[in-house]
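Working notes for the structure below.
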Amino acid sequence: MDNPPINALTIACLEGIAKCFQDIGENKDIRAVIFTGTGKAFIAGADVKGFEKFKGRDNENSAFGQSVFKVVEACPMPVIAAINGYAFGGGLEFAIACDFRIASKTAKVGFPETSLDILPTYGGFTRIPILIGEANAK
């Protein structure tokens, strides 16, 4: 992920991720995928200001993000999230959609939007209890 300064997920980034993973899935020479971020963030979350396209249509935004992360989740090759910094909100949801997560000592992960009474809507809340168990997810 290379979207300075904090690798925020924009619509263009999400579209690029979907296209990249579709291409990867069709390339039989690729045996594994390692996804990381440049700078101090893996993916610092969604670029909320950049989602004007979906203003007032939160369900469409959620469905769009979920469809992108389903492409990542369905990748036939193992996908490793190399979490090298901040992975908040959509960034953590992306990491959860991967097969493996490896975090650096400086990694920080979480769903800060829950403190604003906003739920992560790209599939993280449905994937995380499956990944780490319901009690740990709570």
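Using a Förster radius of 25 Å, what is the FRET efficiency between N136 and T38 based on their Cβ-Cβ separation? Nearest 0.05, please.
FRET efficiency, N136 to T38: 0.25.
Is the chain best put as rounded, prolate or oblate by its Cα gyration tensor, with a ≥ b ≥ c the root eigenvalues, rounded for a/c under 1.5, and otherwise prolate when a/b is larger than b/c, oblate when not? Cα axes put the chain in the rounded bin.
Listed values for region 8-20 are Karplus-derived 3J(HN,Hα) couplings in whole Hz (6.51 cos²θ - 1.76 cosθ + 1.60, θ = phi - 60°), namely 6, 6, 9, 4, 4, 4, 4, 4, x, 4, 4, 4, 4, and x replaces Gly and Pro.
Listed highest first by mean packing, meaning other Cβ atoms within 10 Å per residue, what order do 30-38, 120-128 come in?
120-128, 30-38
Couplings 3J(HN,Hα) for region 62-79, derived from phi with the Karplus relation 6.51 cos²θ - 1.76 cosθ + 1.60 (θ = phi - 60°), are 4, 4, 4, x, 4, 5, 5, 5, 5, 5, 5, 4, 8, 4, x, 9, x, 10 Hz, where x marks Gly and Pro. Modelled spin-label separation between E15 and T126, with each label point placed 7 Å from Cα along the Cα-to-Cβ direction: 2.5 nm. Decide, for region 68-138, between rounded, prolate and oblate: order the square roots of the alpha carbon gyration tensor eigenvalues as a ≥ b ≥ c, take rounded if a/c falls under 1.5, and otherwise choose prolate if a/b is larger than b/c, else oblate. Taking the square roots of the gyration eigenvalues as a ≥ b ≥ c, region 68-138 is oblate.
Too long at a 32 Å Cα-Cα cut-off: which of K28/K138; K49/K138; K49/K108? K28/K138, as the Cα separations exceed 32 Å there. Per-residue ellipticity at 222 nm, computed for the chain from helices alone with -39500 (n - 2.57) per DSSP H run of at least four residues, works out to -11500 deg cm²/dmol.
Each reported figure results from applying straightforward, stated rules to the coordinates on display, with no laboratory input. Remember, predicted model here, so these are calculated numbers, not experimental data. Note that we place each Cβ from the backbone using ideal geometry, even for glycine, and neighbour counts take in every protein chain shown.
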